[in-house]
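The values are calculated or read from the model by the stated rules, or taken from the named source; none is laboratory data. Given the structure is predicted, the values throughout are model-derived calculations rather than measurements. A quick note on method: Cβ atoms are made from the backbone with ideal geometry, for glycine too, and the neighbour counts reach across all protein chains shown. What goes into the accessible areas is simple: the full protein's heavy atoms, side chains included, and nothing from ligands, DNA or RNA. Shrake-Rupley method; radii C 1.70, N 1.55, O 1.52, S 1.80 Å.
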Amino acid sequence: MALLRGVWGVLSALGQSGASLCADCGSRLRAPFSFVYVPRWFSSTLSSYPKKPMTSYVRFSKEQLPIFKAQNPDAKNSELIKRIAELWRELPDSEKKIYEDAYKADWQAYKEEINRIQEQLTPSQIVSLEKEIMQKRLKKKAIIKKRELTMLGKPKRPRSAYNIFISERFQEAKDGSSQLKLKTVNESWKNLSSSQKQVYIQLAEDDKIRYYNEMKSWEEQMVEVGRNDLLRRKVKPHAKRTEEC
């Protein structure tokens, strides 16, 4: 039983909120599952585990985002998310209940499927599965988090002066392999005078200000939709650096 509880904890950790953002996972949770064990079952088992269902707001946002994008093709994701959040706040409780009920139903199906899978495992399989899950958990969570933040329109981190220079000059470099181009551009950076580098340093400072302002607005939107878990631990005014989770 202790092993089962341990595996349950690991499985739960695998399905952080961002897991629900993958395509058609909601429909998969509502559909019957087929799960057959074979001798080499480890990787296939992990790939077939159900993902946590979408929350009511994420489900609504996922439905609305393509519509808003079609209507506003030049708008940034952050702006679209803000409009969707406003629409969600104004949605009547009766309409919100449709999404909330769908989430509850999918959550129940998710729990039942996890329990069904656990009942089929032998003690040795549980130990082996737990080890493999622990090896893949961090990578999986990072991918899920990146997908979620992309969908939610999180601003891109500021670039350094060097990165701005590389981006600008890389395409201008003479034909050759990417590695050779990078080496050439890197040498060009080293040969810049202090005054020439200052131009890129100022661009980097401007980008930090852009990032701070966009993050402030984005975090306000996340608070509005109840995603305080995505906020930075500390939000500092633009200074030497901005601390982020």
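Exactly one condition in (1) assigned to a helix (DSSP H, G or I); (2) under 25 Å from Val225 (Cα atoms); (3) touching a residue at least 40 places away in the same chain (Cβ under 8 Å); (4) open to solvent by 70 Å² or more (accessible area, probe 1.4 Å) is not met by Lys156; state its number.
Looking at each condition in turn, Lys156 falls short on (1).
Quick check: anything in the range 108-117 of a type in the set (D, E, K, R) and part of a loop (DSSP other than H, G, I, E, B)?
Scanning the range 108-117, I find no residue that is of a type in the set (D, E, K, R) and part of a loop (DSSP other than H, G, I, E, B), so the answer is no.
Consider the range 189-226. How many of its residues are open to solvent by less than 50 Å² (accessible area, probe 1.4 Å), assigned to a helix (DSSP H, G or I) and of a type in the set (Gly, Ala, Ser)?
2
Test each condition in (1) modelled with pLDDT under 90; (2) surrounded by 13 or more Cβ atoms within 10 Å (Cβ to Cβ); (3) at negative phi for Lys174 and report the one that comes out false.
(2)
Collect the residues in the range 120-153 that are over 21 Å from Asn213 (Cα atoms), assigned to a helix (DSSP H, G or I) and of a type in the set (S, T, N, Q), keeping them in residue-number order.
Those that are over 21 Å from Asn213 (Cα atoms), assigned to a helix (DSSP H, G or I) and of a type in the set (S, T, N, Q): Ser124, Gln125, Ser128, Gln135.
Which residue pairs have Cβ atoms closer than 7 Å, lie 6 or more positions apart in sequence or on different chains, and pair a first residue in the range 97-119 that is farther than 26 Å from Ile133 by Cβ with a second residue that is open to solvent by less than 70 Å² (accessible area, probe 1.4 Å) and in a helix (DSSP H, G or I)?
Taking only residues 6 or more apart or on different chains, the pairs are Tyr99/Ser56; Tyr99/Arg59; Tyr99/Phe60; Glu100/Ser56; Ala102/Arg59.
Look through the range 90-145, keep the residues that are hydroxyl-bearing (Ser, Thr, Tyr) and touching a helix residue (DSSP H, G or I) at 6+ places or on another chain (Cβ under 9 Å), and return whichever of them is least open to solvent (accessible area, probe 1.4 Å).
Tyr110
Could you tell me which numbered condition Asp74 fails, if it satisfies all but one of (1) of a type outside the set (Phe, Trp, Tyr); (2) in a helix (DSSP H, G or I); (3) farther than 30 Å from Asn115 by Cβ?
Among (1) of a type outside the set (Phe, Trp, Tyr); (2) in a helix (DSSP H, G or I); (3) farther than 30 Å from Asn115 by Cβ, Asp74 violates only (2).
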